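Below is one structure, written out as structure tokens, with a few remarks after it.
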Amino acid sequence: MLRFILLVFFSFAIAAEDGKIAAWITLDGDVDPGMNDYISRAIADAVSKKPDLIVFEVNSFGGRLDAAFNIVDTITALKIPTIALVQKKAISAGALIALSSDKLYMLPSTTIGDCAPIVQSSDGQPQIVGEKIQSPLRAKFRNLAERNGHPRLLSEAFVSPDLGVIELSSKDTVIYMNATEFNDMSDEEQKKWTRKTLVRVGELLTMTNEEAQRLKFSQGTPANIEEFKKELGITKTIKIQISWAEKLTRFIGAISGVLMVIGFGLLYMEFKTPGFGAFGIIGVTLIAIVFLGQYASSLHDKLPLVLLVMGVVFMLLEIFVLPGLFICGALGIICFIAALALSFDISSLPAFAPEARSLSNWQYGLMYIMLCAVLATSLPILVSRYLLPVLPAKYTPILKTDLSQAHSPVEAFVEQVKKGDTGIALTDLRPSGHAKFGDKMLDAQSRSDFIDAGSSVKVDLVEAGKIWVVKEG
């Protein structure tokens, strides 16, 4: 019995060793520079883990051609076997990326194709671009077809709507031919073949999962992802997750058009109003987000630095632009606290500090920072309120002289000035400044208009230690 158990155990152990480890990268949404940044970082992470193969799970309706070309070049340069799995759709640039892997698999009810480059015309309608863009794109598809064993002519049909493709079969021979070339053949030669139209002139090649498998683009159609793993012998997957910074980059890219319109609209409103205020600040910020957002994908490990800079900016706005509003100041303090919490290193705590295993590093840091802030605020108050007053006079920094009888000599001078007295403004009163009454220089405030220095003034009111004056004459 023991021998049987050991035999089963070693059988499972050997099977586990024979299984493959796959790095799993999900490509979902528009093909844009943010996806390109994510792919570059994810592939580097995947290669460092030394998997047996890399799986790209594709679900995309396409996007920018320049980003797609960069992604394809990155994938084709890999020395590790690559597998593309179409999860729902691989359309346009998504098809180009899916076909760049060594092998292609498609789940049931999925489609791939239609990779004609499109721009928006002046009337807002989509329009296929000319030969200048189609030619290098066709060349890229031909290169991938030769690399991975796909039908070359059908690969070009993804791109060119003026290319008709027919399938010719005769006994065990199957070839694909341009419809124009077939029409140029003699009737006798045409009769030797059984003809089937695959792509009509004016259409683009788009295939279902069954069609892609029959036309030798797809290796198969597993029922689900678990069946796919089983078919490839994958026993362990290492998922390379997209970071918050890469998500932020893709989100900014998706709404960049809206941000630009709002930003320039706010700047226009700012130019139409005097001074520089909230419209200008928000407008400049939105436009800066659009132009700087493309670099946000590299900030996933630099968030504390970003928060620190934002805190400084908010504080400068509070001091020089929007004083007394307190919103910018509060945001600055929050940014400083968050930066400290995220950069907190638990190993820097003293040995006597208790550990909280249930808290993450930043949560422990936030708790530690808030505790230090409470102690730093309460201890000085308690000491100055209860300890320092009871110390002997020569040991305490607190002045114990009774100031109840103290008086200001300035108040005595002000009391000597009466309504109707005249004097000279020593400085501009806008509205506060200095004026001379007799041989005394005192603070004075204009009652109405601004008063220039050197003007004669007359006391209009003396109240609560303040002298209110008007311009004489």
| said: Tell me the mean residue ellipticity at 222 nm calculated for the chain from its helices only (DSSP H runs of n ≥ 4, each -39500 (n - 2.57), averaged over every residue, nearest 500). | reply: -13000 deg cm²/dmol
| Lys, Arg +1 and Asp, Glu -1 on Cβ, resulting dipole of region 115-263 about Cα centre, debye, nearest 20 | 680 debye
| Rounded to the nearest 10 Å², what accessible area does D443 show when all protein chains are kept and the probe is 1.4 Å? | 100 Å²
| request: Determine, from the Cβ-Cβ distance of E210 and K230 and an R0 of 30 Å, the FRET efficiency 1/(1 + (r/R0)^6), rounded to the nearest 0.05. | output: 0.90
| By a straight-distance test (C-alpha under 24 Å), which lysines pair with K466 as possible cross-link partners, with residues fewer than eight away in the same chain excluded? | K418, K419, K436, K440, K458
| query | Quick one: net charge of L198's neighbours, Cβ under 13 Å, K/R +1, D/E -1? | reply | +1
| said: Ignoring ligands, DNA and RNA, please state the percent of accessible area on the chain from carbon and sulfur, probe 1.4 Å. | reply: 61 percent
| request: Using a 10 Å Cβ count of at most 15 others and DSSP loop calls, identify the longest part of the chain lacking such GluC sites (Glu not before Pro). | output: 1-354
| task | Quick one: give the max-minus-min coordinate of the C-alpha atoms of region 174-269 along each principal axis, largest first, in Å. | result | 74, 51, 15
| remark: Expressed in Å to one decimal, the Kirkwood Rh of the chain from all distinct alpha-carbon pairs is 30.7 Å
| Accessible area of the chain divided out per residue, in Å², using a probe of 1.4 angstrom | 61 Å²
| task | Sort V58, V462, V390 from largest to smallest accessible area, using a 1.4 Å probe on the heavy atoms of the protein chains. | result | V390, V462, V58
| request: Please give the length that would be gained between T377 and L426 if that part of the chain were fully extended, namely 0.36 nm times their separation in residues minus their C-alpha to C-alpha distance (nm, one decimal). | output: 13.2 nm
| message | Need the full-extension length gain, K394 to A288, defined as separation in residues times 0.36 nm minus the C-alpha distance. One decimal, nm. | response | 32.3 nm
| Along the charge dipole of the chain, Cβ charges K/R +1 and D/E -1, which of L204, L325, A435 sits furthest on the positive end? | L325
| said: Can you compute the FRET efficiency between V261 and R142 using 1/(1 + (r/R0)^6), with r the Cβ-Cβ distance and R0 = 41 Å? Round to the nearest 0.05. | reply: 0.55
| request: Take the Cα atoms of region 419-463, build their convex hull, and give its volume per residue in Å³. | output: 63 Å³
| In region 258-298, chymotrypsin sites (Phe, Trp or Tyr not before Pro) in a DSSP loop with at most 15 other beta-carbon atoms within 10 Å | F276
| query | In the full protein assembly as shown, how much of L248 is accessible to a 1.4 Å probe, in Å² to the nearest 10? | reply | 70 Å²
| Check: region 63-166 dipole with +1 on Lys, Arg Cβ and -1 on Asp, Glu Cβ, in debye | 320 debye
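Given the pairs K89/K236; K171/K230; K103/K247; K50/K140, which span a C-alpha to C-alpha distance of over 30 angstrom in this model?
Correct reply: K171/K230.
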| query | Given +1 on the Cβ of Lys and Arg, -1 on the Cβ of Asp and Glu, and no further charges, what dipole in debye does the chain carry about its Cα centre, rounded to the nearest 20? | reply | 980 debye
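The values are calculated or read from the model by the stated rules, or taken from the named source; none is laboratory data. Here the structure is a predicted model, which means the values were calculated and not measured. So basically every Cβ, Gly included, is an ideal-geometry build from the backbone, and we count neighbours across all protein chains shown. In case anyone asks, the SASA skips ligands and DNA or RNA and just uses the protein heavy atoms, side chains included. Shrake-Rupley method; radii C 1.70, N 1.55, O 1.52, S 1.80 Å.
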